[in-house]
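*Asks:* Dumping the structure here so I can ask a few things about it.
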Amino acid sequence: MSRFTLPRDIYHGKGALEALKTFEGKRAIVCTGGGSMKRGGFLQKVEDYLKEAGMEVELFEGIEPDPSVETVMKGAEAMQKFQPDWIVAIGGGSPIDAAKAMWIKYEYPDTTFEDMCKVFGLPKLRTKAKFCAISSTSGTATEVTAFSIITDYQKGIKFPIADFEITPDVAIVDPELAHTMPKKLVAHTGMDAMTHAVEAYVSTANCDYTDPLAIHAIEMIMDNLVKSYNEDMDARDAMHNAQCLAGMAFSNALLGIVHSMAHKTGAVFADLGSHIIHGAANAMYLPKVVAFNAKDPVAKKRYGVIADYMHLGGSNDDEKVKLLIDYLRKMNDDLNIPHSINHYGADGLPAEQGFVPEDVFLERLHDIAANAILDACTGSNPRQPSQEEMEKLLKCCYYDTEVDF
């Protein structure tokens, strides 16, 4: 038996934010990030609509990119004091992911962060509050997923929390919010969405319910991402829907080792002054993982199907896989994303010399690979890597060398 879970309601299209007027409750806490939603007037709209629904509203602001365990605990403490019956998270993946983890701690104050990270091991939520997610970026799709990514900075590791309990009750997918994204964010979140869709389609947990969502998301991303990056707002509206479809797919079909590697390389070099941004990591690693997974005959066939839907050509699956890899690399070029860690600049853009020195990378390689293998996303990857294979794959991602194993 398998399970397919989505939010109870998804409000989409321009003006979807007004759905907040219909919510029933006494108190709502609104969780948000660094200020773009306030500057764009969207945070005020959320507050006004919730008050129009008859609720007392409190704000929890300043959730950082790559939210920390400490931020989660601080937010949960604010919720304990305010006792909301609605948690409303607005912004990119970071405030929504953080609010999901806060929700767990709010409902179960004795829960530790380690307890949260037990895959599909959470107790029943909604004993105190329901959850609404409003996405302002077109990539993470956390507004419809059973996942949250929280960073333990003491360990330098991003941990995925995975459980259908944290699938939001309501998702609001209003494309007007995505118009505020700067170009680099459009690129990185867009390739995150592409990775979600591709990994969901080849995942060992794929099914008839997830495949159409993944394939259509890939088609839409192919048609709209580069246009959105180049300021076509109709394409940006389409990308907001495409990333949500990809999220519906991967939340149920799960992911693979592109995400495992991205989770474990994202913050591990933070002491060098920067992060490898999640979407950019996915973009760099995806072509390498396609080559690695394509050694598995079932995965190769499914990559071939993806290439067919993308009309890339090729007379057999080997040719189709190569054309798919070439297309993804070209997409990275069009979006100004580097191909490898050694050319990944501290600002997330291509650089002659990246911010991660070779000696530091090699020194940490064993632990990064071991942690990636243990990541929650690895279990549904179509090809299970050994420690040696994961290290070799990560080296290919550092040096941009061919995957031939």
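*Asks:* Quick check on the range 235-285: of everything there that is buried (at least 24 other Cβ atoms within 10 Å of the Cβ) and of a type in the set (S, T, Y), which residue is farthest from D326 (Cα to Cα)?
*Replies:* S251
*Asks:* Which of the following residues is within 19 Å of the chain's Cα centre (by Cα) and at positive phi: F164, F131, F159, F120? Outline the logic, then answer.
*Replies:* Numbers: F164 fails: at positive phi; F131 fails: at positive phi; F159 fails: at positive phi.
The match here is F120.
*Asks:* While we're looking at this one, here's another question. Going residue by residue through the range 5-12, is there one that turns out to be open to solvent by 10 Å² or more (accessible area, probe 1.4 Å), of a type in the set (S, T, Y) and in a loop (DSSP other than H, G, I, E, B)?
*Replies:* Yes, the range 5-12 contains a residue that is open to solvent by 10 Å² or more (accessible area, probe 1.4 Å), of a type in the set (S, T, Y) and in a loop (DSSP other than H, G, I, E, B).
*Asks:* Restricting attention to the range 69-96, report how many residues are open to solvent by 10 Å² or more (accessible area, probe 1.4 Å) and either aliphatic (A, V, I, L, M) or more than 18 Å from A171 (Cα to Cα) (or both).
*Replies:* 11
*Asks:* Residues E47, E64: which one is assigned to a loop (DSSP other than H, G, I, E, B), surrounded by 14 or more Cβ atoms within 10 Å (Cβ to Cβ) and out of contact with any Phe, Trp or Tyr (no Cβ under 7 Å at 6 or more places or on another chain)?
*Replies:* Sole residue among the options that is assigned to a loop (DSSP other than H, G, I, E, B), surrounded by 14 or more Cβ atoms within 10 Å (Cβ to Cβ) and out of contact with any Phe, Trp or Tyr (no Cβ under 7 Å at 6 or more places or on another chain): E64.
*Asks:* Could you tell me which residue of the range 32-44 is most open to solvent (accessible area, probe 1.4 Å), considering only residues that are among the polar types (S, T, N, Q) and touching a residue at least 24 places away in the same chain (Cβ under 8 Å)?
*Replies:* Only one residue fits best here, namely S36.
*Asks:* Does any residue of the range 19-31 turn out to be closer than 21 Å to Y106 by Cβ and surrounded by fewer than 15 Cβ atoms within 10 Å (Cβ to Cβ)? So that I can check it myself, show each step before the final result.
*Replies:* Narrowing the range 19-31 to residues closer than 21 Å to Y106 by Cβ: 20, 23-31.
Within this subset, residues satisfying the condition of being surrounded by fewer than 15 Cβ atoms within 10 Å (Cβ to Cβ) are 24, 26.
Yes, the range 19-31 has at least one match.
*Asks:* For K227, state whether it is over 28 Å from V46 (Cα atoms), in a helix (DSSP H, G or I) and without any contact (Cβ under 8 Å) to a residue 24 or more places away in the chain.
*Replies:* yes
*Asks:* Any residue in the range 302-324 that is over 15 Å from M220 (Cα atoms) and aromatic (F, W, Y) sitting within a Cβ distance under 9 Å of a residue that is open to solvent by less than 40 Å² (accessible area, probe 1.4 Å) and outside any helix (DSSP H, G or I)? List the pairs, counting only those 6 or more apart or interchain.
*Replies:* Within 9 Å, the pairs are Y303/A294.
*Asks:* Now for a separate question. Hey, among H263, H259, H240, which residue is in contact with a Lys or Arg (Cβ under 6 Å, 6 or more places away or on another chain) and part of a helix (DSSP H, G or I)?
*Replies:* Details: H259 fails: in contact with a Lys or Arg (Cβ under 6 Å, 6 or more places away or on another chain); H240 fails: in contact with a Lys or Arg (Cβ under 6 Å, 6 or more places away or on another chain).
The match here is H263.
The values are calculated or read from the model by the stated rules, or taken from the named source; none is laboratory data. Here the structure is a predicted model, which means the values were calculated and not measured. When we count neighbours, we look across all protein chains shown, and the Cβ atoms used for this are built from the backbone with ideal geometry, even at glycine. We work out accessible area using only protein heavy atoms, side chains counted, and drop any ligands, DNA or RNA first. Shrake-Rupley method; radii C 1.70, N 1.55, O 1.52, S 1.80 Å.
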